[in-house]
Amino acid sequence: DSAATSQKPRVVLDALRDFYETANANPHRGAYALSVRATEFYHQSRVRVAQFLGVRDSDCLIFTRGTTEGLNLVAGAWGMANVGSDDEIVVTAMDHHANFVPWQVLAMRRGAKFRVCELTPDGKIDLDFLSGLLNSRTKIVAVSHVSNALGTINPIAEVARLVREKTDAILVCDGAQSAPHFPVSFDSLGVDFYAFSGHKMLGPMGIGGLIGKREMLEEMP
């Protein structure tokens with residue numbers, strides 16, 4: 001069931017063991033050699049993961065515990081500061097709970113309207129329905145790149161075009177199922193935030209990331 005979590009290749013297990021045997025120290029916490037080594041590995045990892053996901057500015061990659069934490073971080077930090085009672089939040093009927101419930105909770109807390117885009121009979125986002133939902137009050141649009149249940153690959157570029165044409169909303173992408181399977185190219189994807197999990201892409205449990213545009217990250221509390 002690799003949509004839920006992937007098995008771990010020997011090279012990953014060997015790398016984990018090697019780190020704990022040769023560089024186990026707190027990064028950014030010490031000036032001694034072992035801590036410096038751990039810090040260097042930490043920064044190298046950020047750069048390599050950013051390159052893998054097509055992010056030129058590696059500082060825009062925030063390490064998290066996974067997709068769910070990344071999406072909650074956007075909802076709690078950007079959402080609570082920018083969504084008001086006259087605003088609307090749009091998700092789709094195919095979204096995983098991790099990309100549905102945080103926005104539902106945010107809408108309840110801020111008194112915003114929570115709107116759900118329906119699907120076509122063949123399990124795709126109904127772009128005409130989505131277009132009808134979008135308006136000047138839309139503040140957040142959250143979609144999954146690939147459905148964990150249906151396997152549908154959503155046309156993010158087309159969704160982004162609609163969002164940019166009809167709203168000033170931010171576009172948040174759940175990348176838990178896309179990051180493991182095909183090139184993401186965040187800088188050209190057209191979204192403002194992209195969250196992913198390490199354990200679905202051959203890595204260990206408890207790691208993941210949130211990529212955000214620099215201007216968005218810098219204005220978040």
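The values are calculated or read from the model by the stated rules, or taken from the named source; none is laboratory data. Source: prediction; values computed, not measured. Don't worry about glycine lacking a Cβ; one is built from the backbone with ideal geometry, like all the others, and counts go over all protein chains shown. Areas reflect the complete protein model, heavy atoms only, side chains present, ligands, DNA and RNA absent. Shrake-Rupley method; radii C 1.70, N 1.55, O 1.52, S 1.80 Å.
A simple spin-label model places the labels of Glu40 and Asn135 5.8 nm from each other, with each point 7 Å out along Cα-to-Cβ. Partners of Lys213 within straight-line reach, counting aspartates and glutamates whose Cα lies under 16 Å from its Cα and excluding those fewer than 8 residues away in the same chain: Asp57, Asp59, Asp168, Asp174, Asp187, Asp192.
Normalised per residue, the accessible area of the range 20-79 is 61 Å², obtained with a 1.4 Å probe and no contribution from ligands, DNA or RNA. Here the accessible area of the range 110-189 is 48 percent carbon and sulfur, with a 1.4 angstrom probe and all protein chains present. Within the straight-line cut-off of under 17 Å between alpha carbons, the lysines reachable from Lys200 are Lys8, sequence neighbours fewer than 8 places apart in one chain being disregarded.
Split the accessible area of the range 28-75 by element, probe 1.4 Å, and carbon with sulfur accounts for 54%.
State, as an integer percentage, the relative contact order of the range 1-152 based on alpha-carbon contacts under 8 Å between residues 6 or more apart. Write down the numbers at each step before the final one.
On the way: 155 pairs, mean separation 27.3, N = 152.
It rounds to 18 percent for the range 1-152.
In the full protein context, the range 105-221 carries 46 Å² of accessible surface per residue, based on a 1.4 Å probe and ignoring ligands, DNA and RNA.
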